[in-house]
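The values are calculated or read from the model by the stated rules, or taken from the named source; none is laboratory data. Please read these numbers as outputs of a predicted model, since none were measured by experiment. Cβ: placed from backbone, ideal geometry, glycine included. Neighbour counts: every protein chain shown. The accessibility values were calculated without ligands, DNA or RNA, using every heavy atom of the protein model including side chains. Shrake-Rupley method; radii C 1.70, N 1.55, O 1.52, S 1.80 Å.
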Amino acid sequence: MEESPDPPFMETYKNLFDAILGENLDSNKHHDLFMVEECELPLINLHKLNYGDKFEREECKKKIAKASREWGFFQVVNHGVSPDILEEMRKEQVKLFKKTFREKMNIDKSLNFSEGSYRWGTPMATCLRQISWSEAFHVPLYDVSSSKGLNSLSSTMEQFATTLSELAQQLARLLAEELAHYNKSNYFKETCLPSTCYLRMNRYPACPISPQLFGLVPHTDSDFLTILHQDEIGGLQLFRDGKWISVKPNPEALIINVGDLFQAWSNGVYRSVEHRVVTNKLKERFSTAFFLCPSYDTEILSCVEPCVYRKFTFREFRQQVQEDVKNYGYKVGLPRFLLSSH
């Protein structure tokens with residue numbers, strides 16, 4: 001029998017699944033993952049930012065800052081990332097995930113990835129709502145650059161990361177300037193180096209018990225900015241105004257979202273918003289994300305007084321997140337770093 005590419009979700013979480021076998025899988029209480037309103041994220045045409053007149057450029061900057069304040073998410077078109085690179089990245093990703101589960105578990109060395117780059121499910125899950133029905137390669141960019149075009153995957157990843165890194169740096173600098181932090185506009189170039197950022201390739205296999213499981217559990221991103229390239233299947237949802245809303249896929253666009261570090265650095269002006277992925281009963285879904293991250297020793301502190309959050313390093317933030325996930329099964333994130341007066 002041909003080995004499956006899928007991780008052994010059913011076997012691993014058998015006890016949790018057995019608990020719901022007696023229930024009607026279509027019962028109404030499980031429909032809330034899907035019964036959410038669909039929305040279009042604020043859409044920003046970056047052609048105006050790069051090639052427009054002074055008025056158009058300023059207007060574009062204002063739109064980006066407004067979306068980052070009010071939504072924490074927006075999408076960009078005419079972003080300067082070649083469709084060929086995006087398509088090539090998707091092809092390489094699909095090829096990689098088609099390998100058997102056993103091969104993927106042992107592939108780090110042959111691809112020159114750090115140990116533990118391949119991950120799937122939720123190791124500490126104690127209930128269904130903590131399971132992420134997905135698999136991913138979470139790769140530090142220094143692994144990619146040190147591969148020196150070892151194979152078609154690593155050279156494509158390098159191209160993809162280089163172009164997305166430039167876009168992320170441009171947007172981060174612009175958002176700093178919109179806070180009137182002109183003296184800090186080089187901050188991201190100095191702290192978020194090509195070697196400190198991450199690339200994550202995601203696959204969400206079709207899920208036979210779809211209404212009850214997340215593809216990726218609700219979370220915020222532990223970075224400054226994330227750039228996401230997703231396919232046409234859909235499944236991304238974000239939390240806004242007290243309810244979950246579903247993001248309509250746009251094949252022309254890249255999705256940008258604000259991470260925890262930018263929320264702290266901007267003193268709460270820009271919002272790191274909780275988001276999740278829901279599963280699909282019939283179709284697999286692919287996405288690739290670029291995370292703009294600083295070096296571990298970088299101190300995160302707002303330039304504005306009074307500060308909402310205390311000063312912390314990226315290392316300290318990551319350690320706290322890992323500790324909370326281990327102890328509670330979920331990430332607490334920025335609330336851990338609030339100053340007591342808040």
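Looking at PRO306, is it under 17 Å from the mean Cα position of the chain (by Cα), part of a loop (DSSP other than H, G, I, E, B) and touching a residue at least 12 places away in the same chain (Cβ under 8 Å)? Against the criterion (under 17 Å from the mean Cα position of the chain (by Cα), part of a loop (DSSP other than H, G, I, E, B) and touching a residue at least 12 places away in the same chain (Cβ under 8 Å)), PRO306 does not qualify. Listed by first and then second residue, the pairs with beta-carbon distance under 6 Å, at least 6 apart or on different chains, first residue in segment 77-106 and more than 25 Å from PRO7 (Cα to Cα), second outside any helix (DSSP H, G or I), are VAL77/ASN45; VAL77/GLU252; VAL77/ALA253; ASN78/ASN45; HIS79/LEU254; LEU86/HIS229.
Tell me whether segment 321-333 contains one or more residues that are surrounded by 18 or more Cβ atoms within 10 Å (Cβ to Cβ) and part of a loop (DSSP other than H, G, I, E, B). Yes, some residue in segment 321-333 is surrounded by 18 or more Cβ atoms within 10 Å (Cβ to Cβ) and part of a loop (DSSP other than H, G, I, E, B).
Apart from one condition, LEU292 fits all of (1) in contact with a Pro (Cβ under 8 Å, 6 or more places away or on another chain); (2) under 23 Å from MET157 (Cα atoms); the exception is (1). Taking the conditions exactly as written (in a loop (DSSP other than H, G, I, E, B) and hydrophobic (A, V, I, L, M, F, W, C)), does VAL269 satisfy them or not? Yes: the conditions hold for VAL269. Scanning segment 115-122 turns up at least one residue that is assigned to a strand (DSSP E or B) and either among the basic types (Lys, Arg) or open to solvent by 70 Å² or more (accessible area, probe 1.4 Å) (or both).
Whenever a residue of segment 108-130 is in contact (Cβ under 8 Å) with a residue 12 or more places away in the chain and within 19 Å of LYS326 (Cα to Cα), its partners that are of a type in the set (Val, Ile, Thr) and not in a loop (DSSP other than H, G, I, E, B), lying with C-beta atoms within less than 8 angstrom and at least six residues away or across chains, give the pairs SER117/VAL139; GLY121/THR12; THR122/VAL217; MET124/VAL325; ARG129/VAL217; GLN130/VAL217. Elements of the type strands (runs of 3 or more DSSP E) sitting completely within segment 1-101 and holding at least 1 residues that are at pLDDT 95 or above: these cover 43-45, 73-77. Do the conditions hold for VAL304, that is, is it of a type in the set (A, V, I, L, M), surrounded by fewer than 19 Cβ atoms within 10 Å (Cβ to Cβ), more than 25 Å from PHE214 (Cα to Cα) and at pLDDT 95 or above? No: the conditions fail for VAL304.
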